[in-house]
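For reference, the structure discussed in these notes is given below.
Readers should treat all values here as calculations from the given coordinates under stated rules, not as data from a laboratory. The model shown is predicted, which means the values in this text are computed figures rather than measured ones. Glycine also receives a Cβ, built like all others from the backbone with ideal geometry; neighbour counts cover every protein chain displayed.
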Amino acid sequence: MIALYRATITWMFLVTMLAFAGVGDGRAQSVHTSADAPASTTKLAEELRQFGDIELIVFKNRAEFLDLVEQRFGSKHTGIPDKLPRSPFTVTGRDGDAHLGTCRVFVPSNITPDTGDEVFARLMHNWFGTRLSYATSAALTYRWLIFHEARHCQPDHFGGDVLKDHRDEVEADLFAHEQLASTSASASATDQNALARDIIAFRIITSALIAGRSHMIGLSVQQKLQTPGTPPTFTAQQEINAFLAARKLVIGRAKTIATAVNPTNRELVRAIIELNSEVDPATTDPQAVLVRMVITALDDAIAHFAPALHQSVATLQSNGSP
Ligand SMILES: [Zn+2]
């Protein structure tokens, strides 16, 4: 998903994650390959084969990941980050000038549905709770993330700069949405819209609060899912700038509200609600318009995933309480 890291050795990390964090406690665990993978992974792995030679691999921790890399790529490698991505990521490789035939999608085991945890909640650092409200379901959003990675296995997603990665990320989101919307047994327009709402809310929040530049794609994804066929009114660089500016505003406001060193989740939500109530509806400055779109979408996204939290903070505010 998110490209904070890219290494070219004889192979490369293609895509990467929200933010790097430990994915395990370092103890060796059994390897979940096709033989002993959880049922959900086995089924997904089969589905991914429709998109090419793709291997889905669940790993417990960095030690296990390194073992898997050595098994598959045959030697030690440098350039592997100390902290692996916390969300699914794709690794492809080169043998001389040729790309390796198999594309590998790696998934940290602690974000698989088998743990009982919700991947979107985890990737949002549990800021809005460990049990979120969805238009679809936690299970479908997990599938969507894995299908997103499968798109990165196509060679046109190999390599590039931040702006290329940004475009690839948007494409992968749309691809995964389209696949799940068109292949689902109950792919009604309502279901497609429901999945779109979950995806947009997720991308807006992660773009605004967590992701690196190449993954600041929330406005693009929103625009393309809500008004397909309409040309974007902003460039990728303008979108990235807007998310950076919005993040600065939100963090700055949350810090002024916070009673401790680090804001609580309620203080963060309050900062966003406050900023959203202050946006200038009359501004026409293009950059300010985009920042306003981000703040408003961010407020909507939190209300989508955490309606009770959002409502309770909003109510306190309207009552004038701290
Ligand atoms: Zn991606």
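For His99, nonlocal amide neighbours, meaning residues 5 or more places apart or on other chains whose placed amide H falls under 5 Å from its own, do not occur.
Once C-alpha pairs closer than 8 Å and six or more residues apart are averaged by separation and normalised to the residue number of the stretch 236-318, the relative contact order reads 32 percent.
Could you give me D for the stretch 236-318, from Stokes-Einstein at 37 °C and 0.692 mPa s, where the hydrodynamic radius is the Kirkwood radius over C-alpha pairs? Units µm² s⁻¹, please. Intermediate values should be presented prior to the final figure.
Values: Rh = 13.1 Å.
D, rounded to a whole number, is 250 µm²/s.
Across the stretch 101-206, the convex hull enclosing all Cα atoms gives 122 Å³ per residue.
If I stretch the segment between Thr190 and Thr315 completely, what's the gain in nm (0.36 nm per residue apart, minus their alpha carbon distance), one decimal? If you can, show how the numbers build up before the last one.
Numbers: separation 125, 0.36 × 125 = 45.00 nm, distance 3.04 nm.
Fully extending the segment from Thr190 to Thr315 adds 42.0 nm.
Fully extending the segment from Lys255 to Glu278 would add 6.6 nm, taking 0.36 nm per residue of separation and subtracting the current Cα-Cα distance.
Quote to one decimal, in nm, the extra length available between Asp117 and Ser133 on full extension: 0.36 nm per residue of separation minus the C-alpha distance between them.
Full extension from Asp117 to Ser133 adds 4.4 nm.
Charges only on Cβ, +1 for Lys and Arg, -1 for Asp and Glu: so what's the dipole of the stretch 236-318 about the Cα centre, in debye to the nearest 20?
Numbers: 7 positive and 8 negative charges, 62 e Å.
Here the size comes out at about 300 debye.
Net charge in the neighbourhood of Leu268 (other residues with Cβ under 12 Å of its Cβ; Lys, Arg +1, Asp, Glu -1) is +2.
With neighbours defined as other Cβ atoms within 10 Å of a residue's Cβ, the residues His215, His310, His99 order from fewest to most as His99, His310, His215.
Taking the Cβ of each residue in Ser312, Ser318 as the centre, tally the other Cβ atoms inside 10 Å and list the residues starting with the fewest.
Working: Ser312 13, Ser318 10.
Result, fewest neighbours first: Ser318, Ser312.
Considering the zone a paramagnetic label at Gln237 would reach in this model (a point 7 Å from Cα along the Cα-to-Cβ line), which residues of the stretch 144-172 have amide N under 16 Å from it? It comes to 161-167, nothing else.
Straight Cα distances below 25 angstrom link Lys43 to the lysines Lys60, with same-chain residues fewer than 8 positions distant left out. Take the Cα of Phe51, step 7 Å toward its Cβ, do the same at His99, and the gap between the two points is 1.2 nm. In this label model, Thr230 and Asp161 are separated by 3.0 nm, measuring between points 7 Å along each Cα→Cβ vector.
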